[in-house]
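The values are calculated or read from the model by the stated rules, or taken from the named source; none is laboratory data. Keep in mind that this is a model prediction, so the values were computed, not measured. Backbone-built Cβ (ideal geometry, glycine too); neighbour counts: all protein chains shown. Just so you know, the surface numbers come from the protein's heavy atoms only, side chains and all, with ligands and any DNA or RNA stripped out. Shrake-Rupley method; radii C 1.70, N 1.55, O 1.52, S 1.80 Å.
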Amino acid sequence: MKELMYWNAISEAIAEEMARDDKVFVIGENVQESPFLATKGLVQKFGSDRVMDAPLSELAIAGATVGAAMAGYRPVCDLTFADFIYCAADEVLMKAAQQYFIHNGEVGVPCVFMGVAGGGFGNGPEHSRIPAAMVMHNPGLKLVLPSNPYDAKGLMKAAIRDNNPVCFFFHKKCMPMKQEIPDEEYIIPLGKAEIKRAGTDVTVVATSYMVNLALEAAKQLEGKVSSEIIDPRTLVPLDIDTIIESVKKTNRVVIIDEDTECCGVAAEIAQQIIERAFDYLDAPVSRLCAANSPIAGAAMEKYVIPQLPQVIKAIETAAGL
Amino acid sequence: MKKLSKQDLLHLYRSLIRTRKFDQLNIRLAAEGKLLTFYHSAHGHEAVGTGAAAVVRDDDYLFIHHRGHGLPYSIVRGIDPKSCVAEHMGKSTGWGGGITGFHAVDKEMGILSSAGTIGSGFVLSAGYGLAAKKNGRGQIAICFSGDGGVQRGQFHEAINLCAAWKLPVVFVVENNGMAWFTPNRDTTAVENVADLAKAYKVPAEIVDGMDILAVYRATEKAVELARNGGGPSLIECKTFRYRSHSEGRPDVSHFEPRSKEEIAAWMERDPIKLFEEKLVKDKVLTATLIETIAREADEEAVAAEKFSFDSPFPDPARLPHMVYAP
Ligand SMILES: Cc1ncc(C[n+]2csc(CCOP(=O)(O)OP(=O)(O)O)c2C)c(N)n1
């Protein structure tokens, strides 16, 4: 066992996969020094032919990722900020997502689009998004949102080995997290949720950094509410079975997600719960998401993105208190 | 060509000094954790924004580059820099009302946007130019960018559109040879951005970005052409950033420290030092005046810090009303 920081866990996963498969390479702006550290140290091990500092050209980077993937490589494309997926939208949403379909299921696009996501830095509307729902809305893309170092490592390895394009959004606020990581290799399959805390009163489905807020909230509510915290870990594929099982037990559920509320992640999960477990519900499915607003900067960010007090309140309300 | 009076020259000099002092203030506040967002210093770049923005009219449009988060482009035009500091402290007296994080905006002075995702500046500026042309009042737009920014597709799409439609847009490229940690020599085979403009039949000039008067004169020419229906031009200003890409980040090229000798050599040609020497030689500046201007700028910065610190945060109840126009 060793302790790894969140970003270190990600770079270690990429390093292991690069060592294992010479078709894996990293492409993106500034990936050699790596502003968010998730690809730091790789160039020293694998050289600049496999850890490529690219031009400031998101379309070229994402497009080259798709092209190389279709031609047999497994690129890991670092978009820097996850927000910049909007700058590469055609190549990610239209091309990466749909080439397998267009090729009649004969040519896959095995690649990863990674980016640092979410609030916490106060940088305002163009650097604070977690564009999860948009990715979910484009069939063909998988979506991973690791909430801690252990998951980040195991999920990144699975993402690289997957035969599909996988968006991997790691969260700014998870950066300071440290965790024990086994020395042996492990992989966390995409599409397997984890119950991060067992409980009986209310099911809390939380994503990305919100998992950590939900766990803290559950701790503070101990004795008052017994919360079952589920981290889907990947939203595509979504392990709805684990969520449904929990809802059947607790009969109450709140979904906590940092993406914008309207047409969001929570709306999709809620609908699936309603379709499959309506008769088990003692209360309406509830949700707590970012407000339907651009992400405000500086001190105003906290009024757009859910914070601990709102998470506590949302769980209490869902529990019927 | 406008004859620059002693007053004009002193205005340029004072603007450079104030820009640097406020940049230094932001750098210190960032280090002290008092800025609630990131900061990209303008150290070394001051002459470009100041020299070029000095040329434009109040009713022209500007898209600013991120160096100094608006300072070089706004101070010279009479915008109070305390609103930059206040914005970064998240205060309601900031130029974006304290809700933008770092974005510089000033509707009155035509600063309609600033870079978040790099590249939009080019295409939005084409739109400002389109509006200016339709208005028929001789307005123009200046789009500031870095050399990294021109690697985005929008640069090529915008300059092509502006050229085809003869839009009054001046592209001012601040070429410091770097884009974040990456030296552009490794990401483009074209050494001079000016060559790209030529491909689109847009006149382009390379100027010494450390020489404020060279920047001023080149911009003057381009602006005049644009105002008179001659269409777009590009000015490539060779410059240098002294500090790391943004505060608190390592200062590397790829993954190795940037050359100290290179930084020192550029600092020898510091834009403020060069201009000061020239103005002293031309008897526009005296030692006392230099000292007075520096002291006044220091006092202004101290006052701006206090002003920003004392200003209230925005009322969060406003936020939902900022999403849709009525
Ligand atoms: C679309 C987009 N991609 C990447 C970034 C991250 N980024 C911010 S500044 C920068 C480098 C810009 O280089 P350049 O245009 O040369 O300006 P400089 O910072 O050197 O003055 C990068 C890559 C961004 N803000 N937007």
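Screening region A:81-108 for residues that are within 16 Å of the ligand (Cβ to nearest atom) and open to solvent by less than 10 Å² (accessible area, probe 1.4 Å) and picking the one that is nearest to the other protein chains (Cβ to nearest Cβ) gives A:D83. Counting residues in region A:19-31 that are within 16 Å of the ligand (Cβ to nearest atom), farther than 18 Å from A:C167 by Cβ, at the interface with chain B (Cβ under 8 Å from one of its Cβ atoms) and in a loop (DSSP other than H, G, I, E, B) gives one or more. Scan region B:203-250 for residues that are surrounded by fewer than 24 Cβ atoms within 10 Å (Cβ to Cβ), within 15 Å of the ligand (Cβ to nearest atom) and away from chain A (no Cβ under 14 Å) and jot them down. Residues satisfying the conditions are B:K238, B:F240, B:R241, B:Y242, B:R243.
Residues of region A:293-311 that are more than 12 Å from chain B (Cβ to nearest Cβ) and part of a helix (DSSP H, G or I): A:L308, A:P309, A:Q310, A:V311. Selection of region A:180-193 for residues being buried (at least 17 other Cβ atoms within 10 Å of the Cβ) and outside any loop (DSSP other than H, G, I, E, B) yields only A:I181.
Going by what's in this entry, would A:V116 be described as under 21 Å from the mean Cα position of the chain (by Cα) and within 13 Å of the ligand (Cβ to nearest atom)? For A:V116, the condition - under 21 Å from the mean Cα position of the chain (by Cα) and within 13 Å of the ligand (Cβ to nearest atom) - is met.
Yes/no matrix, rows are residues, columns are (1) within 19 Å of B:K238 (Cα to Cα); (2) part of a loop (DSSP other than H, G, I, E, B); (3) without any contact (Cβ under 8 Å) to a residue 40 or more places away in the chain:
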site	(1), (2), (3)
B:W266	yes, no, no
B:I272	yes, no, no
B:E277	no, no, yes
B:I290	no, no, yes
B:I293	no, no, no
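In region B:104-131, the residue that is least open to solvent (accessible area, probe 1.4 Å) out of those that are free of Cβ contacts under 8 Å to residues at least 24 places away in the same chain and within 12 Å of the ligand (Cβ to nearest atom) is B:G116. Candidates in region A:119-129 are the residues that are open to solvent by less than 10 Å² (accessible area, probe 1.4 Å) and more than 14 Å from the ligand (Cβ to nearest atom); of these, the one that is farthest from the other protein chains (Cβ to nearest Cβ) is A:G119. All of A:K157, A:K142, A:K153 fail the test of being of a type outside the set (S, T, Y) and open to solvent by 10 Å² or more (accessible area, probe 1.4 Å), apart from A:K142. Every listed requirement among (1) in a helix (DSSP H, G or I); (2) hydrophobic (A, V, I, L, M, F, W, C); (3) in contact (Cβ under 8 Å) with a residue 40 or more places away in the chain is met by B:C143 save one, (1).
Checking the condition within 14 Å of chain A (Cβ to nearest Cβ), more than 21 Å from the chain's Cα centre (by Cα) and not small (G, A, S), which residue from B:E291, B:E256 passes? Show your work before the answer.
Values: B:E291 fails: within 14 Å of chain A (Cβ to nearest Cβ).
Going through B:E291, B:E256 in turn, the sole match is B:E256.
Anything in region B:301-317 that is in contact (Cβ under 8 Å) with a residue 40 or more places away in the chain and farther than 14 Å from B:L16 by Cα? List them, or say none. Matches in region B:301-317: B:A303, B:A304, B:E305, B:F307, B:S308, B:F309, B:S311, B:P312, B:F313, B:P314, B:D315.
Among the conditions (1) surrounded by 12 or more Cβ atoms within 10 Å (Cβ to Cβ); (2) over 24 Å from B:H65 (Cβ atoms); (3) touching a residue at least 24 places away in the same chain (Cβ under 8 Å), the only one that B:H254 does not satisfy is (2). Taking the criterion of being open to solvent by less than 20 Å² (accessible area, probe 1.4 Å) and closer than 19 Å to B:V150 by Cα, the residues of region A:54-80 that qualify are A:A54, A:S57, A:E58, A:I61, A:A62, A:L79, A:T80. When B:S113 is tested against (1) farther than 21 Å from B:S15 by Cα; (2) at the interface with chain A (Cβ under 10 Å from one of its Cβ atoms), only condition (2) is not met. Filtering region A:267-292 to residues that are free of Cβ contacts under 8 Å to residues at least 24 places away in the same chain and part of a loop (DSSP other than H, G, I, E, B) leaves only A:P284. Where residues in region B:28-41 are more than 15 Å from the ligand (Cβ to nearest atom) and open to solvent by 10 Å² or more (accessible area, probe 1.4 Å), which of them is farthest from the other protein chains (Cβ to nearest Cβ)? The residue in question is B:R28.
Return the residue satisfying two criteria in turn: it lies in region A:41-80 and is within 12 Å of the ligand (Cβ to nearest atom) and charged (D, E, K, R), and of such residues it is nearest to B:D186 (Cα to Cα).
Among them, the one singled out is A:D53.
The residue that is most open to solvent (accessible area, probe 1.4 Å), among those in region B:173-195 that are more than 10 Å from the ligand (Cβ to nearest atom) and of a type in the set (D, E), is B:E191. The residues of region B:76-94 that are in contact (Cβ under 8 Å) with a residue 40 or more places away in the chain, among the basic types (K, R) and open to solvent by 20 Å² or more (accessible area, probe 1.4 Å) amount to a single one, B:K82.
Against the numbered list (1) touching a residue at least 40 places away in the same chain (Cβ under 8 Å); (2) not in a loop (DSSP other than H, G, I, E, B), B:L285 comes up short only at (2). Filtering region B:266-287 for residues that are at positive phi and open to solvent by 70 Å² or more (accessible area, probe 1.4 Å) leaves a non-empty set.
Only residues that are away from the ligand (no atom under 16 Å from the Cβ) and part of a loop (DSSP other than H, G, I, E, B) were counted in region B:42-84, giving 13. Looking only at region A:34-53, which residues are more than 8 Å from chain B (Cβ to nearest Cβ), open to solvent by less than 30 Å² (accessible area, probe 1.4 Å) and outside any loop (DSSP other than H, G, I, E, B)? Correct list: A:L42, A:V51.
Condition first: more than 10 Å from the ligand (Cβ to nearest atom), touching a residue at least 24 places away in the same chain (Cβ under 8 Å) and away from chain A (no Cβ under 14 Å). Can you find one or more residues in region B:149-157 that meet it? Checking region B:149-157: not a single residue is more than 10 Å from the ligand (Cβ to nearest atom), touching a residue at least 24 places away in the same chain (Cβ under 8 Å) and away from chain A (no Cβ under 14 Å).
Would you pick out the residues in region B:74-129 that are of a type in the set (K, R), in contact with a helix residue (DSSP H, G or I) (Cβ under 9 Å, 6 or more places away or on another chain) and within 27 Å of B:A317 (Cα to Cα)? Scanning region B:74-129 gives B:K82, B:K91.
Scan region B:174-203 residue by residue and report those that are outside any helix (DSSP H, G or I) and over 15 Å from A:P55 (Cβ atoms). Walk me through it before giving the result.
We begin by selecting, within region B:174-203, every residue outside any helix (DSSP H, G or I); these are B:174-183, B:187-192, B:200-203.
Of everything in region B:174-203, those that are outside any helix (DSSP H, G or I) and over 15 Å from A:P55 (Cβ atoms) turn out to be B:E174, B:N176, B:N192, B:Y200, B:K201, B:V202, B:P203.
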